[in-house]
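Below is one structure, written out as structure tokens; the observations come after it.
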Amino acid sequence: MTTVEKPSLIPESAFQMGAREGTLGAEEELWLADPRTLKLAGGAQEILAAEPEDRFSGELIDCEIESNSGVHLTPRGVANDLLERRRVLLGHADRLGRVLGTSGTHPVGDWREQEIIDKPHYQRLKAKLGWLIRRNNTFSLHVHYAVEGREKAVYLFDRLREYVPHLLAVSANSPFWQGEITDMHSSRTLIFARSIHRAGLPEPMGLWDNYARYVDFAHRSGAIDSLSEIWWDVRPHPGLGTVEVRAFDAQTDPKRNEALTTLAAALCDALCREYENGDLRPIRPSREIEENKWSAQRYGMNGGLTDHETHETVETRRAVETLFDNLADKTDRDLSPLGLLLDEPTESERQLEVWQDTGSATEVARDVAERTRSTAG
């Protein structure tokens, strides 16, 4: 019996495209809901039919839509694109009799009521993963950073893993699931990254060839049909020549998109300098990083993160402040947007404040929708 050889999923030009290193892009996932009940409601496929393909895309369920920014030199350019696309989506939501919102999970949405969109990719996932993929009603912000050089891309991938807890802590925005407080500041992490294989915190790769071999293993075995079926918190994106940071919950306030994009970009700048200067740092084992990720998932900015050198635990806020301070002389970017991440409560804390005031997860969803509209200007 002869087996037909599958072509590689990795393009020959991956991370060798001559791209301007450090250029940025992002994707933001948003939800549609019924204005009366605030429950999730469809309409994304109608919006997609009316808009250019490069601005919006479908994401699993018909109540979810993804905005795609252009490529920019600065985080502000990325954030402005996402804000402009929010305004477009608000217009479509009004036309369809929907409200638009964004948060890591929808406070009251019931996954059993959602329709998986009619695209081969998502229907294939439905057949493969069944119940697990159907319940994945989660929403994220993904930031892309262009990298030139395969080994450099893998070094960034390996090193960024250590900072996934910091990135998650400052972006936590999903304390509810199916109308219930989960005691997590990021329920999205629980539902998506900890229940679906090929999601969550990846193992370090060390070398480009190790990554390429893994992709070949997963593809030839039939486990994946495209690179988009690898959902790690950080992942190489060979098609775009970027390293993609996927650890963030979606943010209700668009100002936080600029802050988080700034954080991801500055961190990648610093790691690029490490690599270029030959100042290579230890690659932390997943088992240690997972302890910190759990704290970020559970407590947001109110927990503690363990220092990998001293093994002592410090307050998460202090660990984040230290990270920001360390980035100041390792990037040429304007880091002033980072102040918002320390000066204001996380979005998860805002949701919990509304719950304490109203006792209603529906009112939490209403507040998210109202702020999504009011902050769009």
Check: If we keep just the residues of region 291-314 that are in contact (Cβ under 8 Å) with a residue 12 or more places away in the chain and in contact with a Leu (Cβ under 7 Å, 6 or more places away or on another chain), which is nearest to Gly200 (Cα to Cα)?
Finding: Lys293
Notebook entry, point to check: List pairs: first in region 316-335 and within 23 Å of Asn277 (Cβ to Cβ), second small (Gly, Ala, Ser) and not in a loop (DSSP other than H, G, I, E, B), Cβ under 7 Å, 6+ apart or cross-chain?
Noted result: Leu327/Ala266; Leu327/Ala270; Lys330/Ala270; Thr331/Ala266; Thr331/Ala270; Arg333/Ala265; Arg333/Ala266; Leu335/Ala266
Check: Can you find even one residue in region 144-159 that is farther than 26 Å from Glu291 by Cβ, touching a Lys or Arg at 6+ places or on another chain (Cβ under 9 Å), at pLDDT 95 or above and not in a helix (DSSP H, G or I)?
Finding: yes
Margin query: Checking Lys255 against (1) touching a Leu at 6+ places or on another chain (Cβ under 7 Å); (2) crowded, with 19+ Cβ neighbours inside 10 Å; (3) of a type in the set (Lys, Arg): exactly one of these is not met. Which one?
Written below: (2)
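Based on this model, can you work out whether Pro345 counts as crowded, with 17+ Cβ neighbours inside 10 Å, under 20 Å from the mean Cα position of the chain (by Cα) and at pLDDT 95 or above? Explain how you work it out, then say what you get.
Numbers: crowded, with 17+ Cβ neighbours inside 10 Å: no; under 20 Å from the mean Cα position of the chain (by Cα): yes; at pLDDT 95 or above: yes.
So Pro345 fails the test.
Being at pLDDT 95 or above, of a type in the set (Val, Ile, Thr) and either under 15 Å from Arg159 (Cβ atoms) or surrounded by 23 or more Cβ atoms within 10 Å (Cβ to Cβ) (or both): is that true of Val215 here? Please lay out each step first, then the result.
Numbers: at pLDDT 95 or above: yes; of a type in the set (Val, Ile, Thr): yes; either under 15 Å from Arg159 (Cβ atoms) or surrounded by 23 or more Cβ atoms within 10 Å (Cβ to Cβ) (or both): no.
No: the conditions fail for Val215.
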Item checked: One residue from Asp249, Asp225 being surrounded by fewer than 18 Cβ atoms within 10 Å (Cβ to Cβ) and not hydroxyl-bearing (Ser, Thr, Tyr) -> Asp225
Note to self: Here is a check on your reading of the model: is Pro120 of a type outside the set (Val, Ile, Thr) and either crowded, with 21+ Cβ neighbours inside 10 Å or touching a Leu at 6+ places or on another chain (Cβ under 9 Å) (or both)?
What the structure shows: no
Margin query: Please list, ordered by residue number, the helices (runs of 4 or more DSSP H) wholly in region 334-377 having 2 or more residues that are more than 14 Å from Val170 (Cβ to Cβ).
Written below: 347-358, 361-374
Margin query: So in region 207-258, with the set limited to residues that are over 14 Å from the mean Cα position of the chain (by Cα) and of a type in the set (Lys, Arg), which one is nearest to Gln123 (Cα to Cα)?
Written below: Arg220
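Results for (1) in contact (Cβ under 8 Å) with a residue 40 or more places away in the chain; (2) crowded, with 16+ Cβ neighbours inside 10 Å; (3) farther than 22 Å from Ala264 by Cβ, shown as yes or no for each residue.
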site	(1), (2), (3)
Pro7	no, no, yes
Trp31	yes, yes, yes
Arg55	no, yes, no
Leu60	yes, yes, yes
Leu89	yes, yes, yes
Check: If a residue has to be in a loop (DSSP other than H, G, I, E, B), modelled with pLDDT of 95 or more and farther than 19 Å from Ala376 by Cα to count, how many in region 54-81 make the cut?
Finding: 3
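Those residues that are among the aliphatic types (A, V, I, L, M), under 27 Å from Ala328 (Cβ atoms) and in contact with a Leu (Cβ under 6 Å, 6 or more places away or on another chain), I need them from region 220-252; list them, please. Show your work before the answer.
Kept after step one, since they are among the aliphatic types (A, V, I, L, M), are these residues of region 220-252: 223-224, 227, 230, 234, 240, 243, 245, 247, 250.
Narrowing further to those that are under 27 Å from Ala328 (Cβ atoms): 234, 243, 245, 247.
Matches in region 220-252: Val234, Val243, Ala247.
Return the residues of region 17-53 that are among the polar types (S, T, N, Q) and at pLDDT below 95; say none if nothing qualifies.
Step one: list which residues in region 17-53 are among the polar types (S, T, N, Q), which gives 23, 37, 45.
Scanning region 17-53 gives a single hit, Gln45.
Within 21 Å of Pro236 (Cα to Cα), among the aliphatic types (A, V, I, L, M), in contact (Cβ under 8 Å) with a residue 60 or more places away in the chain and not in a helix (DSSP H, G or I), is that true of Leu141? Steps first, answer last, please.
Values: within 21 Å of Pro236 (Cα to Cα): yes; among the aliphatic types (A, V, I, L, M): yes; in contact (Cβ under 8 Å) with a residue 60 or more places away in the chain: yes; not in a helix (DSSP H, G or I): yes.
The answer is yes for Leu141.
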Next item on the list: Select from region 160-206 the residues that are modelled with pLDDT under 95 and assigned to a helix (DSSP H, G or I) and list them in ascending order.
Entry: Leu190, Ile191, Phe192, Ala193
Check: How many of the residues in region 29-81 are out of contact with any helix residue (DSSP H, G or I) (no Cβ under 8 Å at 6 or more places or on another chain) and among the small types (Gly, Ala, Ser)?
Finding: 5
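The values are calculated or read from the model by the stated rules, or taken from the named source; none is laboratory data. Fair warning: this is a prediction, and the values are worked out from it, not measured in the lab. With ideal geometry, Cβ positions are generated from the backbone for all residues, glycine too; neighbour counts draw on all protein chains shown.
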